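Visitor: Let me begin by handing over the structure; questions about it come next.
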Amino acid sequence: MGVGGRHKGITPPNVPWEIFVACTASEGVDMATYLALHTSVDLDGLYDILEMSDAASSWKSAATMNAREGTG
């Protein structure tokens with residue numbers, strides 16, 4: 001603590017990064033998505049989930065920036 005520089009969290013050694021990103025949220029682990037990835041969602045579906053998450057995040061960021069700038 002108190003040391004300067006970049007900080008980063010741990011990397012789960014047993015989980016591919018795509019699954020980690022798709023199944024984690026601010027509330028914790030999304031068990032429904034995790035279960036679907038093991039039972040019914042294929043690799044293409046996983047990439048769709050990641051793409052939707054990225055797009056949703058960009059829309060939220062844009063809306064926040066627009067609100068701050070008053071450009072609605």
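Visitor: Given the convex hull over the Cα atoms of the chain, what projected area results after averaging over all orientations, in nm²?
Guide: Its Cα hull, projected and averaged over all orientations, spans 7.7 nm².
Visitor: I've got another one for you. Show me 24-35, 42-53 ranked by packing, highest mean number of other Cβ atoms within 10 Å first.
Guide: In descending order of packing, they fall as 42-53, 24-35.
Visitor: I need the phi-derived Karplus couplings for the range 33-49: 6.51 cos²θ - 1.76 cosθ + 1.60, θ = phi - 60°, integer Hz, Gly and Pro marked x.
Guide: With coefficients 6.51, -1.76 and 1.60, one gets 5, 4, 5, 4, 5, 9, 10, 9, 9, 8, 4, 4, x, 4, 5, 4, 4 Hz.
Visitor: Let's see if you can work this out: charge +1 on each Lys and Arg Cβ, -1 on each Asp and Glu Cβ, no other charges. What is the dipole magnitude of the chain about its Cα centre, in debye to the nearest 20?
Guide: That gives the chain a dipole magnitude of about 480 debye.
Visitor: What are the residues whose amide H is under 5 Å from the amide H of THR24, where those residues sit 5 or more places off or on another chain and H is modelled from the backbone?
Guide: ASP30
Visitor: Continuing with the same structure: Taking the highest mean first, how do the peptides 7-17, 60-70 order by number of other beta carbon atoms within 10 angstrom per residue?
Guide: Per-residue Cβ counts within 10 Å, averaged per peptide and sorted highest first, yield 60-70, 7-17.
The numbers here are math on the coordinates, done by the rules we state, and not lab data. The structure displayed is predicted, hence computed values, not measured ones. Note that each Cβ is placed from the backbone with ideal geometry, even for glycine, and that neighbours are counted across all protein chains shown.
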